[in-house]
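The values are calculated or read from the model by the stated rules, or taken from the named source; none is laboratory data. This structure is a prediction, so every number in the text was calculated from the model and none was measured. Please note: Cβ atoms are built from the backbone with ideal geometry, for glycine as well, and neighbour counts cover all protein chains shown.
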Amino acid sequence: MADEILQQAQELLEGQIDFQGQKTTELISTIILATSGLLAFIIGFAQQNIYYTLWVGLGGAAIAFLVVVPPYPFYNRSPERWLPKRSGMAGSGIEIDGKRIN
Amino acid sequence: MHSTLVRVQNVFGFFTTVAFCTALLTALSVLLIPQHPRASIELRNVQVVKGRPHYYSPKKEEYAHIKFDLDADFTSLFNWNTKQIFVWVTATYPSSKTSSSAPPSQAIIWDTIINSRSQSHPFNPLQLIKSATTPTKKSSKAKSPTKKKDPELEPGIIRLKNSKPKYQITDISGILSERTNVTLEVGWNVQPWVGALTWTLPEGMEIGRWKGVKGGKSKAFDMPPLKGKTASSETVVASGGTPKAAEASAVI
């Protein structure tokens, strides 16, 4: 019971996402950060106010963190379908209390 | 990107790269903005008196008290990336009468820091949010004339009439009287938010869209002979404090 809770907490903390999700987050973070940097420069230059550059850049970074960092469910929509476990075929041959450990 | 910690590290790492590139673009964009500073400086009055660097000093030196007029327009030095500019006036004179190979002596007689508008009125989005959330309370007050904004003056205009020097200057030899060929010069240093510091562009010089200062040099004058050799007219520089600029409000 305690092990289960601990495992859940660990999963939540680690926030693992599947391979497709990793690809998506990579793409999204790159796009958000690059466009916010470019936009920050353009807005600041157009308005002739460097504070706009600062805050637009920081805001873009904050959005990137919010969108990418938490393990949202849509980053876990295509779990990898591993091959089924082939039991008994290549066992290690170690037995504990009459049970075979693979 | 498989776990939270890795995603935090990756996003932050790329953010630093983006921030650096934006800063680089900002620093380089300054080159596109034309600069055409103009300054005219004239001598008003000059006196040379004997004095001591501080009260207990046994050494006596000659101090020049130079009053001047300065009329300068440095507004074009203020672009979106300017934090502040430092402006100074130097007195330049030949170091020795005999050898012309020695570099001239220079001493600053007056200086000031001019803040840009972005420095004096920083923009903070948190204030926008604050004022947006409490509009009902202040709506009645906003109509009252108490909320008066300062006139949006472009910083960088200096008008000094008969200004006292901030610093009384002396020479390493201790003798300043009857020096010849003294000129007053205006110099500046632009301090940007990001990027390189830039210094005075001398007259006639041109770098891209940046033009050198128009004027910025006074006519040559000579130092007068020593005034009042009696002990009563001695000045003590340190205890007297540095004289302040004639009108602080004249610097906008």
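Where residues in the range B:178-210 are polar (S, T, N, Q) and on the phi < 0 side of the Ramachandran plot, which of them is modelled with the lowest pLDDT? Checking each candidate, the answer is B:THR180. Residues in the range A:54-77 that are in a helix (DSSP H, G or I), more than 23 Å from B:SER29 (Cα to Cα) and within 7 Å of chain B (Cβ to nearest Cβ): A:ALA64, A:PHE65, A:VAL68. Here B:LEU176 qualifies as more than 30 Å from B:SER120 (Cα to Cα) and away from chain A (no Cβ under 14 Å). Which of the residues belonging to the range A:56-93 are aromatic (Phe, Trp, Tyr) and either modelled with pLDDT of 95 or more or closer than 27 Å to A:ILE42 by Cα (or both)? Correct list: A:PHE65 only. The single condition among (1) in contact with a Phe, Trp or Tyr (Cβ under 7 Å, 6 or more places away or on another chain); (2) surrounded by fewer than 17 Cβ atoms within 10 Å (Cβ to Cβ); (3) at pLDDT 90 or above that A:THR24 does not satisfy is (2). Residue by residue through the range A:27-48, note down the ones that are surrounded by fewer than 16 Cβ atoms within 10 Å (Cβ to Cβ) and either within 9 Å of chain B (Cβ to nearest Cβ) or not in a helix (DSSP H, G or I) (or both). Of everything in the range A:27-48, those that are surrounded by fewer than 16 Cβ atoms within 10 Å (Cβ to Cβ) and either within 9 Å of chain B (Cβ to nearest Cβ) or not in a helix (DSSP H, G or I) (or both) turn out to be A:GLN47, A:GLN48.
Is there a residue in the range B:54-65 that is charged (D, E, K, R), in contact with an Asp or Glu (Cβ under 9 Å, 6 or more places away or on another chain), assigned to a loop (DSSP other than H, G, I, E, B) and in contact (Cβ under 8 Å) with a residue 60 or more places away in the chain? Yes, the range B:54-65 has at least one match. Inspection of the range B:18-31 identifies at least one residue that is at negative phi, within 20 Å of the chain's Cα centre (by Cα) and either modelled with pLDDT of 95 or more or within 14 Å of another protein chain (Cβ to nearest Cβ) (or both). Pairs linking a residue in the range B:1-12 that is closer than 11 Å to A:GLU26 by Cα to a residue that is β-branched (Val, Ile, Thr), with Cβ atoms under 7 Å and 6 or more positions apart or on different chains, are B:MET1/A:THR25; B:HIS2/A:ILE17; B:ARG7/A:THR25; B:ARG7/A:VAL68; B:ARG7/A:VAL69; B:VAL11/A:VAL68; B:VAL11/A:VAL69. Residue selection: B:HIS2 fails the criterion of being outside any strand (DSSP E or B), in contact with a strand residue (DSSP E or B) (Cβ under 9 Å, 6 or more places away or on another chain), surrounded by fewer than 17 Cβ atoms within 10 Å (Cβ to Cβ) and not hydrophobic (A, V, I, L, M, F, W, C). Residues considered: A:GLU80, A:GLU4. Of these, the only one that is farther than 30 Å from B:ARG117 by Cβ, in a helix (DSSP H, G or I), more than 8 Å from chain B (Cβ to nearest Cβ) and of a type outside the set (A, V, I, L, M) is A:GLU4.
Screening A:TYR51 on (1) under 26 Å from B:VAL6 (Cβ atoms); (2) facing chain B (nearest Cβ under 8 Å) shows it passes everything except condition (1).
Can you find a residue in the range B:42-56 that is surrounded by fewer than 17 Cβ atoms within 10 Å (Cβ to Cβ), within 25 Å of the chain's Cα centre (by Cα), within 21 Å of B:TRP188 (Cα to Cα) and assigned by TED's automatic domain parsing to the domain that holds B:PRO225? Within the range B:42-56, one or more residues are surrounded by fewer than 17 Cβ atoms within 10 Å (Cβ to Cβ), within 25 Å of the chain's Cα centre (by Cα), within 21 Å of B:TRP188 (Cα to Cα) and assigned by TED's automatic domain parsing to the domain that holds B:PRO225.
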